[in-house]
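Engineer: Below is the structure I would like to discuss, written out as structure tokens.
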Amino acid sequence: MAKKKKWKDLLVDPLNENNPITVQILGICSALAITVKLMPAIVMGISVMVVVAFSNFIVSLIRNYIPNRIRIIVQLLIVATLVILVDQLLKAFAYDVSKQLSVFVGLIITNCIVMGRLEAFALANKPIDSFLDGIGNGAGYSFVLIIVAFFRELLGSGTLLDKKIIPQSFYDAGYVNNAMMLLPAMALITLGIYIWVQRSLYPQLTEKE
Amino acid sequence: MELWNIFIRSIFIENMIFAFFLGMCSYLAVSKKVKTAVGLGAAVVFVLAITVPVNFLIDKYLLQPGALKWLDPSFADVDLSFLSFIMFIAVIAAMVQLVEMFVERFAPALYASLGIFLPLIAVNCAILGGSLFMQQKEFTHVSEAIVYGLGSGIGWLMAIVFLAAIREKISYSNVPKPLRGLGITFIITGLMAIAFMAFMGIKI
């Protein structure tokens, strides 16, 4: 029973209280540029989840055999191999989205989430636990990405998943899409506001001075 | 003239941080003091200016479709470009180690001031991003790659020093509690990015 609960914590904690983006400050690098539209954000979230989960699993399997001095290079190579697999799969099955993501698929390699979880969790825990930790953190990452992308696509282009949401009558009445939301700068501000709301709701997350 | 154009573009218009959000993790973590920000920024300039040209040569003579032609004409249709991620990251990790050893041996003062930042740079997204963007831009000559690497690095250095200066001042102001730290930093960066958009469309 105790073990079941631990697994559940591994999966659920990173969604909110220990969210990799807003609390651990990991993986912001590629998080923001691909949130203009919902679709790339979802694909990116899933890709990161897969890479984190499997790299956690593999590194955890061989954690007792990696010499400490060269562990960063070993980890980078494992991650890079997984990212190449994901990239090739995306090119084969979701070519349009992979064009939109451009270099950001490759940048999963240096996404701090992956290295951060490897260093902080996989090197000290059992393979199954590490795998679940990877899924949980990947899900937490996707969650933030999807929320940011949701608001940016809805307010910026009036669509969701490329379907029109704002009715035509609004436009006739003078409603205009806020093109500001499409600019990179607004991703940062949206995320800032998200953090503000989250920390107002959960005061224990507020940073101590 | 073309080189100037690349240089100015990579600093102001295609700024690594304000346009692509690359290297955000260390950007947010190390921007509390101007002094450390300058140290990390200098290291990034250094490593970008070295790795981008090296990766350019590797891409041009080993990985691109048909790049192996110089070895033997029968290799003309070999395409190794799917290996570029793993090649680039290996080159970057190796270069960072090399640079670290060189700096330690020949410029101990610089080494002491860069300290922990040098090894961390291997996993800085801005470095790998520089190489991947270089690959997309399809430069024709290595000098363009050098200028691009140098310019992106300087753009990154500038951004982190600016942010650190603002954050030093903001510790004296009364920020709403839940916004303190990360939240306000994001919003400041967003506002800075909007300011930087004023450079958009400049051509030299």
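The values are calculated or read from the model by the stated rules, or taken from the named source; none is laboratory data. Given the structure is predicted, the values throughout are model-derived calculations rather than measurements. Using ideal geometry, Cβ is built from the backbone for each residue, glycine included, and neighbour counts are taken over all protein chains shown. In case anyone asks, the SASA skips ligands and DNA or RNA and just uses the protein heavy atoms, side chains included. Shrake-Rupley method; radii C 1.70, N 1.55, O 1.52, S 1.80 Å.
Engineer: Yes or no: region A:120-130 includes at least one residue that is within 26 Å of residue A:62 (Cβ to Cβ) and within 14 Å of another protein chain (Cβ to nearest Cβ). Spell out how you get there, then give the answer.
Structural biologist: At the first step, the residues of region A:120-130 found to be within 26 Å of residue A:62 (Cβ to Cβ) are A:120-130.
After this cut, where a residue has to be within 14 Å of another protein chain (Cβ to nearest Cβ) as well, the list is A:120.
Yes, region A:120-130 contains at least one residue that is within 26 Å of residue A:62 (Cβ to Cβ) and within 14 Å of another protein chain (Cβ to nearest Cβ).
Engineer: Sticking with this structure for a sec: Identify all residues within region B:126-143 that are more than 13 Å from residue B:51 (Cα to Cα) and buried (at least 19 other Cβ atoms within 10 Å of the Cβ); write none if there are none.
Structural biologist: If the condition is that a residue be more than 13 Å from residue B:51 (Cα to Cα) and buried (at least 19 other Cβ atoms within 10 Å of the Cβ), then B:139 is the only one that fits.
Engineer: Residues that are open to solvent by 50 Å² or more (accessible area, probe 1.4 Å) and at pLDDT below 80: does region B:47-55 have at least one?
Structural biologist: Checked region B:47-55: no residue is open to solvent by 50 Å² or more (accessible area, probe 1.4 Å) and at pLDDT below 80.
Engineer: Next up: I'd like to verify a number: residues in region A:73-119 that are free of Cβ contacts under 8 Å to residues at least 60 places away in the same chain, among the small types (Gly, Ala, Ser) and at the interface with another protein chain (Cβ under 9 Å from one of its Cβ atoms), how many?
Structural biologist: Qualifying residue count for the region: 3.
Engineer: Quick one: in region B:56-82, of everything that is of a type in the set (A, V, I, L, M, F, W, C) and open to solvent by 60 Å² or more (accessible area, probe 1.4 Å), which residue is nearest to the other protein chains (Cβ to nearest Cβ)?
Structural biologist: Filtering region B:56-82 for residues that are of a type in the set (A, V, I, L, M, F, W, C) and open to solvent by 60 Å² or more (accessible area, probe 1.4 Å), the one nearest to the other protein chains (Cβ to nearest Cβ) comes out as B:82.
Engineer: So residue A:104 passes all but one of these: (1) at positive phi; (2) crowded, with 19+ Cβ neighbours inside 10 Å. Which condition number does it fail?
Structural biologist: (1)
Engineer: Would you confirm, using the coordinates I've provided, whether residue A:110 is buried (at least 18 other Cβ atoms within 10 Å of the Cβ), among the hydroxyl-bearing types (Ser, Thr, Tyr) and modelled with pLDDT under 80? Please lay out each step first, then the result.
Structural biologist: On the way: buried (at least 18 other Cβ atoms within 10 Å of the Cβ): yes; among the hydroxyl-bearing types (Ser, Thr, Tyr): yes; modelled with pLDDT under 80: yes.
It is true that residue A:110 is buried (at least 18 other Cβ atoms within 10 Å of the Cβ), among the hydroxyl-bearing types (Ser, Thr, Tyr) and modelled with pLDDT under 80.
Engineer: Would you point out the residue of region B:163-184, among those that are more than 8 Å from chain A (Cβ to nearest Cβ) and touching a residue at least 60 places away in the same chain (Cβ under 8 Å), that is most open to solvent (accessible area, probe 1.4 Å)?
Structural biologist: Result: B:168.
Engineer: Moving on. Evaluate the following for residue B:137: is it charged (D, E, K, R) and within 14 Å of chain A (Cβ to nearest Cβ)?
Structural biologist: Working: charged (D, E, K, R): yes; within 14 Å of chain A (Cβ to nearest Cβ): yes.
The answer is yes for residue B:137.
Engineer: Specify which of the listed residues (A:40, A:20) is under 19 Å from residue A:125 (Cα atoms) and not aliphatic (A, V, I, L, M).
Structural biologist: Sole residue among the options that is under 19 Å from residue A:125 (Cα atoms) and not aliphatic (A, V, I, L, M): A:20.
Engineer: Follow-up question, since we're still on this one. Give the residue that is surrounded by the fewest Cβ atoms within 10 Å (Cβ to Cβ), with candidates limited to residues of region A:151-197 that are in contact (Cβ under 8 Å) with a residue 12 or more places away in the chain and at the interface with another protein chain (Cβ under 8 Å from one of its Cβ atoms).
Structural biologist: A:184
Engineer: Here are B:160, B:187, B:121: which of them is within 14 Å of chain A (Cβ to nearest Cβ), surrounded by fewer than 22 Cβ atoms within 10 Å (Cβ to Cβ), assigned to a helix (DSSP H, G or I) and touching a helix residue (DSSP H, G or I) at 6+ places or on another chain (Cβ under 6 Å)?
Structural biologist: B:187
Engineer: Please note which helices (runs of 4 or more DSSP H) are completely contained in region A:89-144 and include at least 3 residues that are over 17 Å from the mean Cα position of the chain (by Cα).
Structural biologist: On the way: elements: A:95-101, A:103-106, A:112-120.
Those helices (runs of 4 or more DSSP H) span A:95-101.
Engineer: Let me ask something else about it. Given the conditions (1) in contact (Cβ under 8 Å) with a residue 24 or more places away in the chain; (2) part of a helix (DSSP H, G or I); (3) out of contact with any Gly (no Cβ under 7 Å at 6 or more places or on another chain), report the number of the one that residue B:32 does not fulfil.
Structural biologist: Only one criterion is unmet by residue B:32, namely (2).
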